[in-house]
Amino acid sequence: MSAVDDRLAAARAGLARVEPGAANVLRERGEAVFIDIRPVANRVAEGEIPGSIPVERIHLEWRLDPGGEHRIDGFDAETTVVVLCNEGYASSFAARDIKELGLVNATDLVGGFRAWAAAGLPVRAGGTPAVP
């Protein structure tokens, strides 16, 4: 394995990753906050998960630090936060990073947005502006 593969495996070892179907149940029940870190071009081209919040990866830690003054509203340290990217790789690293900030239930979507869409789960038109 390469160094990045080793790091990815280590990041995922600390997460309770969620499959698309189970993630949709969390979404329907309002039991999780979905954070979409994909670039806007991907979100425009492929769509978004209804209710997801686009946050640029460069701003992620500041917007999701449960004790930070720049955090977005709607969650606390105990909230389940599901991070998603295109295919579930970058989101594993991002979920690990925000978990280290104190979001004890941070995780990511197995297979990312593309696995969600391939499973026929709800998708809305994309292009929602990212949280500044």
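List of remarks:
- Shape descriptor for region 1-80: Rg over Rh equals 0.99 (Cα atoms; Rh from the Kirkwood inverse mean 1/r).
- Applying 0.36 nm per residue to the separation of ARG29 and ASP76 and subtracting their alpha-carbon distance, the gain on full extension is 15.2 nm.
- With 0.36 nm allotted per residue and the present C-alpha distance subtracted, the VAL4-ALA117 stretch has 38.0 nm of extension available.
- For THR80, the solvent-accessible surface computed with a 1.4 Å probe is close to 40 Å², ligands and nucleic acids excluded.
- Theoretical FRET efficiency, 1/(1+(r/R0)^6), r = Cβ-Cβ of TYR89 and GLU69, R0 30 Å, to 0.05: 0.50
- For the chain, the share of DSSP beta bridges that are antiparallel, to the nearest 5, is 10%.
- Ordered by solvent-accessible area of protein heavy atoms (1.4 Å probe), largest first, the residues VAL25, VAL110 come out as VAL25, VAL110.
- According to the calculation over all Cα-Cα pairs in region 28-132, the P(r) per 10 Å bin from zero is 17, 53, 28, 2 %.
- Contact order normalised by residue count of the chain, Cα under 8 Å, 6+ apart, percent: 35
- Net length gained if the chain between ALA45 and TRP62 were fully extended (0.36 nm per residue, minus Cα distance): 3.4 nm
The values are calculated or read from the model by the stated rules, or taken from the named source; none is laboratory data. Please read all numbers here as calculations on a predicted model, not as lab measurements. Glycine gets a Cβ as well: all are built from the backbone with ideal geometry, and neighbour counts include every protein chain shown. Just so you know, the surface numbers come from the protein's heavy atoms only, side chains and all, with ligands and any DNA or RNA stripped out. Shrake-Rupley method; radii C 1.70, N 1.55, O 1.52, S 1.80 Å.
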